[in-house]
Every structure is written in structure tokens, then in C-alpha cells.
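The values are calculated or read from the model by the stated rules, or taken from the named source; none is laboratory data. Predicted model, so just to flag it, every value in this text is computed and none were measured. Glycine also receives a Cβ, built like all others from the backbone with ideal geometry; neighbour counts cover every protein chain displayed.
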Amino acid sequence: MFIEERHQEILRILSEKGRISNSEIQEIFQVSYDSAKRDLRLLEEQGLLKRTHGGAIPARQIGGNAIRNLSPDERVVNVKENYLAIAKEAVKAIEENDVVYITNASIGFLMAQNIGEVACTVVTNSISIAEELRKKENVTVILAGGEMQANGCFYDSFALSLINRLRFDKCFVTSACLSVKFGLSIQKSRSVELTNAVINNSKTVYGLYPVEKIGFDSVISICSANKLDFLITDSESSEDDLTAFEELGIKIKIAE
């Protein structure tokens, strides 16, 4: 098999499975570990995939309106293991009597599902996350409301006015992408101002980013990456990416 044919087959497997490891490439194509790594490096240089720790995932594609209009609970019908692991790692950081903000993304809904017995106050701008937390007697819920969007969340001046009146011990945020150069980025501007207000009003900022979101840039930058105090990610994130974030002063937590 020519190298070009092998590369096409690697991309086909990536398209079908969503990821591929160096060891799989070695086994399928009977090549060395160094050859497998070189294949992925060459394909990454062409913008056709993103290398991870031990393999690769497809190049990031900017999502469409369909996913943006789904509520957090609707997005987690099929829970990804790494998203769940990050959510479980994040809730460990919540301490007695903390006031925290939880992102309105699907990973925030997973946090709400897995929050422990610690007494705390949670602020959210998502109806579905507030409804999930309503079931927990140890959690006081503050809903930042206003004009509701199709996804059951609030981003307008009413929600922003409440956020600006609050101070958080910790906030847990995410976005479409995260990179060293472009920072936290997103497809649409509707949540930019609210996210910045949350970050600016928080003592400690946690970024929740699975490997699929790291090292890519979306359309609009929310803020620089060094606004994060902690980055919680999964074990497949590349060492090069994580080292670059550490050089910005961001502490890394790996969810197993």
C-alpha cells in the first residue's frame, strides 16, 4: 500500500470512529510506531486531523444551528465518557458553602447530575440545569433569567444584570474551542458578554475542555486563555498543548 492510500484509509477510519490511535495504525497497516506518528504528523500539517496523546481525532468542525438550539440536557442523550469524566472531576472542586457558576453547556448539565452532598449555591443561566439542581436539597439555585432562547438559556441584559451583582468563589466555563493564541472561542456572540462577566466576578476560573475542543479556534474569541486558573481535560489531550497552557500559568487537572 502506498503512503497516500494509507493516509486515505486513516482518514476514513477517523471519519467512522471519531478517533484513531498510534497502536491501531501499527496493527492495521503493519508499520512501525515512528511511521504511525509520522503519518499523523503529515496529516495534521495538511489540516486533516488533530493529533492527541497517543493518536488523533478529526479536525474541528464548527457546529451548526441545530446543536446550538439544543438545551444542555438534550445534548447529553449519548454521553461521551470523557465529558462525564471531566464533569465528575469538576464537581470535586466545589467546597462547603461555595457560590459557583456552572456553564450552560452539556458538560454543565453533567456536573449538575453528579454534584455531591456538599452545601453550596449554584448560579446558572440554563433552565434544564436549574431543574436538575432543584432536586438536590443541599443546593441553593439562582437562575439568571431574562428572555429565553430556543435552548432554554438566557444571555440578555436581564441575565447579565444579575450576574454583575454576584461574586463567585468558582466558575466552571467552556466554549466551542480553546487554544493558546486565540483563547476561549465560540461560534456566536450571544454568550460572550455574560461569560466574561462570570469570569471577571470569580475568584477561581475552571475551564472544562475535552480533547475535541483543545487546539482549535472557533469564530469569535471570548477572552484570552490565561483568564483560566485551571484547565480540566481528559487523558488524550496532547502533552504539547498542555505544556503550552502551563506556560501561561494555568494549572492542569486530568480527568481519568
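Selection of first residues in region 221-235 that are of a type in the set (D, E, K, R) and of second residues that are in a helix (DSSP H, G or I) and at pLDDT 95 or above, restricted to Cβ pairs under 7 Å at least 6 apart or on distinct chains, gives the following pairs, ordered by first then second residue: Lys227/Ile199; Asp234/Ala85; Asp234/Ile86. When you look at Ser235, is it closer than 20 Å to Ala56 by Cβ, modelled with pLDDT under 95 and surrounded by fewer than 16 Cβ atoms within 10 Å (Cβ to Cβ), yes or no? Yes, satisfied. Scanning region 201-225 for residues that are among the hydroxyl-bearing types (Ser, Thr, Tyr) and within 20 Å of Thr124 (Cβ to Cβ) returns Ser202, Thr204, Tyr206, Tyr209. Considering region 236-246, the residues that are charged (D, E, K, R) and free of Cβ contacts under 8 Å to residues at least 12 places away in the same chain include one that is farthest from Leu184 (Cα to Cα), namely Asp240.
Within region 224-251, being of a type in the set (Ser, Thr, Tyr), under 24 Å from Glu81 (Cβ atoms) and in a loop (DSSP other than H, G, I, E, B) holds for Ser235, Ser237, Ser238.
Just so you know, in region 159-169 the residues that are surrounded by 13 or more Cβ atoms within 10 Å (Cβ to Cβ) and either at pLDDT below 95 or out of contact with any helix residue (DSSP H, G or I) (no Cβ under 8 Å at 6 or more places or on another chain) (or both) include one that is farthest from Ser128 (Cα to Cα), and it is Asp169. Residue count for region 94-144 under the criterion of being surrounded by fewer than 17 Cβ atoms within 10 Å (Cβ to Cβ) and within 17 Å of the chain's Cα centre (by Cα): the result is 1. With the requirement that a residue be in a strand (DSSP E or B) and at pLDDT below 95, what does region 207-223 give you? Of everything in region 207-223, just one residue is in a strand (DSSP E or B) and at pLDDT below 95, namely Ile214. Could you go through region 176-197 and let me know if any residue there is more than 29 Å from Arg165 (Cα to Cα) and not aliphatic (A, V, I, L, M). Yes, region 176-197 contains a residue that is more than 29 Å from Arg165 (Cα to Cα) and not aliphatic (A, V, I, L, M). In region 35-113, counting only helices (runs of 4 or more DSSP H) that sit wholly within it, the ones holding 3 or more residues that are at pLDDT 85 or above span 81-91.
Against the conditions (1) of a type in the set (Ser, Thr, Tyr); (2) under 26 Å from Thr233 (Cα atoms); (3) more than 19 Å from the chain's Cα centre (by Cα), Ser161 satisfies every one except (2). Scanning region 17-34 for residues that are within 15 Å of Ile3 (Cα to Cα) and surrounded by 16 or more Cβ atoms within 10 Å (Cβ to Cβ) returns Ile25, Gln26, Phe29, Val31. The set of residues in region 213-232 that are hydrophobic (A, V, I, L, M, F, W, C) and surrounded by 14 or more Cβ atoms within 10 Å (Cβ to Cβ) comprises Ile214, Phe216, Ile220, Ile222, Cys223, Ala225, Leu228, Phe230, Leu231, Ile232. Residues that are over 30 Å from Lys17 (Cα atoms) and assigned to a helix (DSSP H, G or I) do occur in region 163-184. Residues that are at pLDDT 95 or above, outside any loop (DSSP other than H, G, I, E, B) and acidic (Asp, Glu): does region 185-202 have at least one? Checked region 185-202: at least one residue is at pLDDT 95 or above, outside any loop (DSSP other than H, G, I, E, B) and acidic (Asp, Glu).
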